[in-house]
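Input: a single structure, listed below in C-alpha cells.
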Amino acid sequence: MGNRWLKRIGAVLAPAVASAIVLSGCGAKEPSSAHAANPEGLEVTELRYQGSVGAVTFPELAEDLGYLAPLKLKFIGNTISGPQDIQAVVTGDTDFGGAFNGAIVKLLAAKAAVTPVISYYGVDENTWTGYYVLDDSPIRTAKDLIGKKIAVNTLGAHHEFVIKEYLHREGLTPKEIEQVTLVVVPPVTSEQTLRAHQVDVATLGGLLRDKALERGGIRPLFRDIDLFGTFSAGTYVLTDKFIKENPNATRKFVEATAKAIEWARTTPREEVIARFEKIIAERGRKEDASAVKYWKSTGVAGKGGLIAESEFQTWIDWLVAEGTLKEGQLKAADLYTNEFNPYRAEEGAAP
C-alpha cells in the first residue's frame, strides 16, 4: 500500500470509527471480580473478548492448545466488524479486540489510549478477498459499477479501502465513485444476498469465498492481493491501562497468540482444520462449522504476528497528507509494540 492510495481515501475512515474516537475519552469500566490477582502471578484470571460465528480466532486456538493457561478467555458475544471490536476495548467491555490497521491508526491519532500488540490477519497467496459478481452479470469493468451496490461487512475498514482504490486505479472520478453504493451485509449472508440479486457485487474472502466458489455461478471482478500484494492488515489492541496494570497477563496473551499463529502456520492443514472443528463443536454456540474446512493459511505476514513498522507508517503518511497530522507528529514505532512477542529477538524485529 502506497501513499497514493492513502491520499485518495482520506474521508473513508472517519465515519466508521467516529463513535470509538468519542468514546475514547470516557472512563473504562471497572474490572470485574474475575480480574483479580491469582497465585500464578498473573494480574487477571480471564480475558473478555468477542468471537466470530463459525470461525476460530488465534486466541481461541491458543487456549485450546494450552498456550494461554492459566489465563482463560471469556466469550461475551460475536463482533460485527473491526471498528466495533476495538470500540469495545476502548469502552472497557472487552480486554482485547482487533481491527484493520488503518482504523487503528485513525483511533490513535485521536489520542485513544490503546496499543497494537500483535498482528492477527492479513493477505497472502492463500488468504485473500475477492469481489464477486454472478456469472451472467453485465459488470465487467469498474465503470460498470456506477449505480450498482457492493456488499461489505462494515464501512470505514479493509474492504472499503480496497474498493475505493480499485475504482480510482480504474479511472473513475470522485463523482462517479459516489454513485457506487456500499451496503453493509454480514459476511455469512453476502453470497446469498448476491445470488438473490439484492446486491451486484459480494465481498468474499477465505472460507466463505471458497465455499461460494464450490457452489459455482460466480466470478471475480478484482482481488485485494492483486492491488496490494502480501501484508498483515490488522492487529489486536489492548488499552494502555490494561498493559500497565497487567504486564504478565499481556505477555501471556501475546506469547500464546503468537505461538498459536505459528502452530497453524507449521501444522498440516488437515490437522489445523480438525482442531478448528473440535473447538467449534466443544464451545456449544450452535454454529455451522462447515466453512472451516476451507481454511488455507494464517494470512499473517510476520512470524508469530510480529508487527512491521511499515504497516503503520503508511497510515501516518496518509494522515499527514490529508492535514490531520503535522509532519513528525506521530512516529510509527511509538504506535505499536512487539515487546511481548517471543519471536521478536529471533527475527530481529523492532520493539
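The values are calculated or read from the model by the stated rules, or taken from the named source; none is laboratory data. Note that the structure is predicted; figures quoted are calculated from it, not measured. Positions of Cβ are generated from backbone atoms using ideal geometry, with glycine treated the same way; all protein chains shown enter the neighbour counts. Remember, those area values only see protein heavy atoms, side chains included, never the ligands or the DNA or RNA. Shrake-Rupley method; radii C 1.70, N 1.55, O 1.52, S 1.80 Å.
Laid out as a table, the results:
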read-out: Rounded FRET efficiency, nearest 0.05, which uses the C-beta distance separating Asp93 from His197 and R0 of 30 Å; value: 0.20
read-out: Amide H contacts under 5 Å for Tyr120, placed H, 5+ residues apart; value: Gly234, Thr235, Tyr236
read-out: 1.4 Å probe accessible area per residue over the chain, in Å²; value: 43
read-out: Computed [θ] at 222 nm, deg cm²/dmol, the chain (DSSP H ≥ 4; -39,500 (n - 2.57); rounded to nearest 500); value: -11500 deg cm²/dmol
read-out: For Leu221, distant residues with modelled amide H under 5 Å away; value: Tyr131, Tyr132, Val133
read-out: Residue-by-residue Karplus 3J(HN,Hα) for region 264-278, coefficients 6.51, -1.76, 1.60, Hz, glycine and proline x; value: 5, 6, 9, 8, x, 3, 4, 6, 5, 4, 4, 5, 4, 4, 5
read-out: Helix axis angle, 310-321 relative to the chain longest principal axis, alpha carbon, degrees; value: 60
read-out: Cα-based reach from Lys164 at 20 Å (exclusive), listing aspartates and glutamates while leaving out same-chain residues under 8 positions away; value: Asp144, Glu176, Glu178, Asp200, Asp224, Asp226, Glu311, Asp317, Glu322
read-out: Solution diffusion estimate, µm²/s, Stokes-Einstein, region 196-351, Kirkwood Rh from C-alpha pairs, 4 °C, viscosity 1.567 mPa s; value: 69
read-out: Calculated FRET efficiency for the pair Asp334/Ala69, C-beta based, R₀ 25 Å, to 0.05; value: 0.15
read-out: Residues listed by number, region 209-241, amide nitrogen under 11 Å from Ile139 label point at 7 Å toward C-beta; value: 219-222
read-out: Distance from region 324-345 to region 45-84 (C-alpha centre basis), Å; value: 25
read-out: Average Cα contact separation per residue, region 80-211, under 8 Å, 6 or more apart, as relative contact order %; value: 29
read-out: Magnitude of the charge dipole, the chain, Cβ model with Lys/Arg +1 and Asp/Glu -1, debye to 20; value: 500
read-out: Rg [Å, one decimal], Dmax [Å, integer] - region 114-255, C-alpha atoms; value: 17.8, 57
read-out: Pair Val53, Gln179: separation of 7 Å Cα→Cβ label points (nm); value: 3.5
read-out: Gyration tensor (alpha-carbon) shape descriptor, region 258-314, a/c threshold 1.5; value: prolate
read-out: Sequence ranges 207-220, 84-97, 295-308, ranked by mean other-Cβ count within 10 angstrom, highest first; value: 84-97, 295-308, 207-220
read-out: Of Lys244/Lys286; Lys149/Lys278; Lys111/Lys252; Lys143/Lys331, those spanning more than 31 Å from alpha-carbon to alpha-carbon; value: Lys244/Lys286; Lys149/Lys278; Lys143/Lys331
